1. For region 325-351, name all the residues that are in contact (Cβ under 8 Å) with a residue 24 or more places away in the chain, away from the ligand (no atom under 16 Å from the Cβ) and open to solvent by 20 Å² or more (accessible area, probe 1.4 Å).
2. With respect to residue 216, is the statement that it is assigned by TED's automatic domain parsing to the domain that holds residue 70, within 9 Å of the ligand (Cβ to nearest atom) and out of contact with any Phe, Trp or Tyr (no Cβ under 6 Å at 6 or more places or on another chain) true?
3. Taking the stated definitions as given, is residue 386 more than 19 Å from residue 99 (Cα to Cα) and assigned to a helix (DSSP H, G or I)?
4. Only residues that are loosely packed, with under 15 Cβ neighbours inside 10 Å and under 19 Å from the mean Cα position of the chain (by Cα): list them for region 274-320, please.
5. Just to check your reading of the model, which residue among 331, 260, 305, 269 is on the phi > 0 side of the Ramachandran plot and of a type in the set (Lys, Arg)?
6. Please count how many residues of region 224-258 are more than 19 Å from residue 208 (Cα to Cα), among the aliphatic types (A, V, I, L, M) and in contact (Cβ under 8 Å) with a residue 24 or more places away in the chain.
7. Just one of the numbered conditions (1) over 23 Å from residue 299 (Cα atoms); (2) away from the ligand (no atom under 15 Å from the Cβ) is not true of residue 322; which one?
8. So which pairs qualify, if the first residue must be in region 132-157 and closer than 21 Å to residue 186 by Cβ and outside the structural domain of residue 102 (by TED's automatic domain parsing), the second must be within 16 Å of the ligand (Cβ to nearest atom) and part of a helix (DSSP H, G or I), the Cβ gap must be under 9 Å, and the two must be at least 6 apart or on different chains?
Amino acid sequence: MDPFKIAQKQLDEAAEIMKLDKQAHAILREPKRTLVMNIPVRMSNGRTQTFTGFRVRYNDARGPAKGGIRFHPQESLETVKALAAWMTWKCSLADIPFGGGKGGIICDTKKMNERDLESLSRAYVRALGTDIGPEVDIPAPDVYTTPQIMAWMMDEYMNIVRKSQFGVITGKPVEVWGSEGRMDSTARGGMYIMREAAKMLKITPKKATIAIQGFGNAGRYAFTLSKELFGAKVVAISDSEGGVYDPDGLDIEKLDDAKKKTGSVGGYKGRRSQKISNEELLEQKVDILIPAAIENQVRADNADKVKCKLLLEFANGPVTPEATNILFEKKIVDLPDFLVNSGGVVGSYYEWVQNVTGDYWDTSLFYSKLDKKLTKSFNDTMALQKEYASKGQKINPRMAAYIIAVDRVAKAMKARGWY
Ligand code: NAD
């Protein structure tokens, strides 16, 4: 299904439950602004190649749009629109003063040298001009874009506006005022949610068993932080090539070693370890399951086999809408992506705050603020779910989070006189 249709369907469902004003609903079903750009770039071979770039400002009633830029061969306007809508709800649920946006370029970075990548990044910013800015629309890295790309984009923007404005983009290298703590803020935020959810479900994290799908930024930090913060036992982990299960718990040095030597964590060797597939990883009998890789992993055809008590969506869209309902029936607490992985955008917000005020924080201040924010989002979501339950209406955590987010944006639009 077209991702934007899914985003609209989710909004429609929330609108019906919360009895959203019809005028507000109509505004929120479509992006505020959609840019499709034709971007010619003189490549290092002397020839001009033309790229298609997108930037969508979905809604900015609560503040400048915020959202990453993807460089991907299959990028499409519909995907960018969906991601921009989800960013609107993510920023609203986290209660940070941003709206939602997203951008992308159809390109294959694996076939480009560094110089061409820099030329394309700068050309994209020239095409956007002042349609981005610290008080307008603030990009960040996403799939196949890096802190280095953010630094080039920031530099190009400053050439255009002839001002030092480090807050134009987040996820920058620390040398150009990226933030300490931002690197692991997605997984760290997810860990704070895990702590609160475990408390609610009476799971003791130190005694809990955990399975993690994915060994990239989100998955690897989920592994190291669950040990560092809680002393928890991760018994299964995987990457795109397969996975490993060990009832005694896995060791990070051995995992890194297996990845280096065999190309996959599946090559791990422990006393009682055994190779498992990605499907088997999702079906392990564990307390906590963390999908931290890609979308559409728990679906109508395998949701019945999931046996955890708590599912934390570190990845974007790992559980399909049909599977969400099946898990809810099975009384598995499935906490949605735009709550669980919102530590990334909250970290970006803190980077922006430091850039625009010029007051730079140490990591302990960064982490304590992150903890407070994520804990509040979790508590708000659970409180609303309870409130509906007390009125006899059962809604899942994803819907509760949606209703909070949509209500805040609708109230901002109302106050501003948009309807
Ligand atoms: P990454 O590219 O660093 O890592 C992805 C991992 O997933 C890799 O280990 C890869 O081997 C694994 N993988 C790929 N295909 C797989 C498959 N079919 N089955 C199992 N594993 C597979 O990406 P990341 O930054 O860790 O992002 C992971 C997810 O988290 C994505 O959905 C992303 O949108 C989401 N997310 C990440 C951040 C962040 O700050 N990194 C923020 C918000 C959301």
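1. 325, 326, 328, 330, 333
2. The answer is no for residue 216.
3. Considered against the rule, which asks whether it is more than 19 Å from residue 99 (Cα to Cα) and assigned to a helix (DSSP H, G or I), residue 386 comes out as yes.
4. The answer is 295, 296.
5. It is 331.
6. Residues that pass the stated criteria total 1.
7. The number of the failed condition is (1).
8. none
The values are calculated or read from the model by the stated rules, or taken from the named source; none is laboratory data. Values in this document were obtained by computation on a predicted structure and should not be read as measured data. Here the Cβ is made from the backbone with ideal geometry for all residues, glycine too, and neighbour counts use every protein chain on show. Quick note on the areas: whole protein, heavy atoms, side chains included, nothing else; ligands and nucleic acids left out. Shrake-Rupley method; radii C 1.70, N 1.55, O 1.52, S 1.80 Å.
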